[in-house]
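Novice: The structure's right below; bear with me while I get my questions together.
The values are calculated or read from the model by the stated rules, or taken from the named source; none is laboratory data. The shown structure was predicted, so the numbers you read here are calculated from the model rather than taken from an experiment. Cβ placement follows ideal geometry from the backbone for every residue including glycine, while neighbour counts extend to all protein chains displayed.
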Amino acid sequence: MADRGADELGVGDAVAARLWNGRWQLLSGLVAILLVYVFAGISAYVLLPALVLLLVAAMLPTGATRPARESAASLEAIGLQRLSGEYLAAAVADPLIIFDQAATIVHANAAAFAAFGGIAPGISLPLKFRAPEMQALLDSVLSGTVASDVVDYTEKLPVERAYRVSASSVGHGTELYVLVFKDQSEARRIDRMRADFIANASHELRTPLASIAGFIETLRGPARNDPAAREQFLQIMQNQTGRMARLIDDLLSLSRLEMKPYLKPGTEVDLRQTVDSVIDSLGPLARENNVAIERDFARGPLDVPGDRDELFQVFENLLENACKYGQSGGRVVVSIARGDDGSEPGIDVTITDFGPGIPEEHIPRITERFYRIDVETSRTQKGTGLGLSIVKHILTRHNARLSIKSEVGKGAAFSVHLPAH
């Protein structure tokens, strides 16, 4: 019923439109008939059929609609001609190559030029992409055995990129084909990071678990009646369980940070008070390592937008590392200065130790998860290998950055630049 009503409404609209378009002709004819009726004295039986014929003539489609339809069709044809393969290829963000039956490039979009370079119409695809999987892909599509096919392809130069490549024919009877390259590099990198992370976390947990299991077996066997050995082994087991607890806490911290959105504006942190609290909390550790902590704070207010608990965790990690790994220097300097360099105003917090320093080749990777410069030293100092990774994640959420400067034998300086309002 609804469809029937809609159809009737459409017919009515069409009739009304035709009457409106021929309104002047209809009015002229009506006036002419009335004049003839009045002055010529024709019969009323002639007048009524004349009016009906006039109304029917006005409702018939006129020749004026035909040019309009032809004009619309011509405009559509022009639009389709302009919508050529070249325009469509340019609108695709992924690298796209159109080739013919001879596997010769007909057209390549800008993304393909940027990704592969050295490609132009007339170049042979088998000579450009020599990998066996690409050769097999081209052969399967050109032979007509399959309408479309997909392979994984890795481009080695100038940098290694992984692609999922699909090939298919264009339309029917065109003898043209298209290659589309979907960049999978970032997804592959994330998969490798996830696999490495699981492997490293499993290894870090398995080591203390194996140690605890071995000591339990010893306590239930040879050392069952040896109080001195039992006390020693229990202390080692307690240390190992503490290490696992710290590792799990750090893993949970990383997970929470990755799930949080970026900070909302409006919260303020007093860096002077926050850093003072960190120094006070690590005072016992500094005294245990015979390290003196010195302050060098700028005058005036030192407020920045941020989350106090997270920034406390940042400076606690950095100062704890300085006290542990730079203890041979005997002192650590904590400075806060305004970084008004004109281009990027903000506040810099720098923690400097005077210990053995960090070799240059390790600095780019020091914030990676589980990356350690010296594994034994890190474990001796009860490190989990996740502290600087947590620092990096927190600073990313604060739109801040961490810079590291070090020279072997002269210590290391970790600087946190926090943006101003």
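Novice: Given the criterion under 30 Å from Ser255 (Cα atoms) and touching a Ser or Thr at 6+ places or on another chain (Cβ under 8 Å), identify the matching residue among Ile236, Ile198, Ile190.
Specialist: Matching residue, one of Ile236, Ile198, Ile190: Ile236.
Novice: Which one of these does Pro284 not meet: (1) free of Cβ contacts under 8 Å to residues at least 40 places away in the same chain; (2) within 37 Å of the chain's Cα centre (by Cα)?
Specialist: Only one criterion is unmet by Pro284, namely (2).
Novice: Hey, among Ile190, Ile216, Ile248, which residue is under 30 Å from Val151 (Cα atoms) and of a type in the set (Val, Ile, Thr)?
Specialist: Selected residue: Ile190, the only one of Ile190, Ile216, Ile248 that is under 30 Å from Val151 (Cα atoms) and of a type in the set (Val, Ile, Thr).
Novice: Can you say whether Ile347 is in contact with a strand residue (DSSP E or B) (Cβ under 6 Å, 6 or more places away or on another chain), assigned to a loop (DSSP other than H, G, I, E, B), buried (at least 18 other Cβ atoms within 10 Å of the Cβ) and modelled with pLDDT of 85 or more, as far as the supplied structure shows?
Specialist: Here the answer is no, as Ile347 does not meet what is asked.
Novice: Still on this structure: Being assigned to a strand (DSSP E or B) and more than 24 Å from Ile358 (Cβ to Cβ) is the filter; apply it to the stretch 287-315 and report the residue that is farthest from the chain's Cα centre (by Cα).
Specialist: So the residue we want is Phe297.
Novice: Still on this structure, I have one more. Within the stretch 86-104, which residues are more than 10 Å from Leu179 (Cα to Cα), at pLDDT 90 or above and aliphatic (A, V, I, L, M)?
Specialist: Those that are more than 10 Å from Leu179 (Cα to Cα), at pLDDT 90 or above and aliphatic (A, V, I, L, M): Ala102, Ala103.
Novice: Taking the stretch 99-125, which residues are loosely packed, with under 13 Cβ neighbours inside 10 Å and either part of a helix (DSSP H, G or I) or in contact (Cβ under 8 Å) with a residue 24 or more places away in the chain (or both)?
Specialist: Gln101, Ala114
Novice: From the list Leu318, Leu395, exactly one residue is part of a helix (DSSP H, G or I), at pLDDT 90 or above and crowded, with 17+ Cβ neighbours inside 10 Å. Which is it?
Specialist: Leu318
Novice: Restrict the check to the stretch 367-389 and report whether at least one residue is at pLDDT 85 or above, surrounded by 14 or more Cβ atoms within 10 Å (Cβ to Cβ) and either in the same structural domain as Leu205 (by TED's automatic domain parsing) or not in a loop (DSSP other than H, G, I, E, B) (or both).
Specialist: Yes; the residues of the stretch 367-389 include at least one that is at pLDDT 85 or above, surrounded by 14 or more Cβ atoms within 10 Å (Cβ to Cβ) and either in the same structural domain as Leu205 (by TED's automatic domain parsing) or not in a loop (DSSP other than H, G, I, E, B) (or both).
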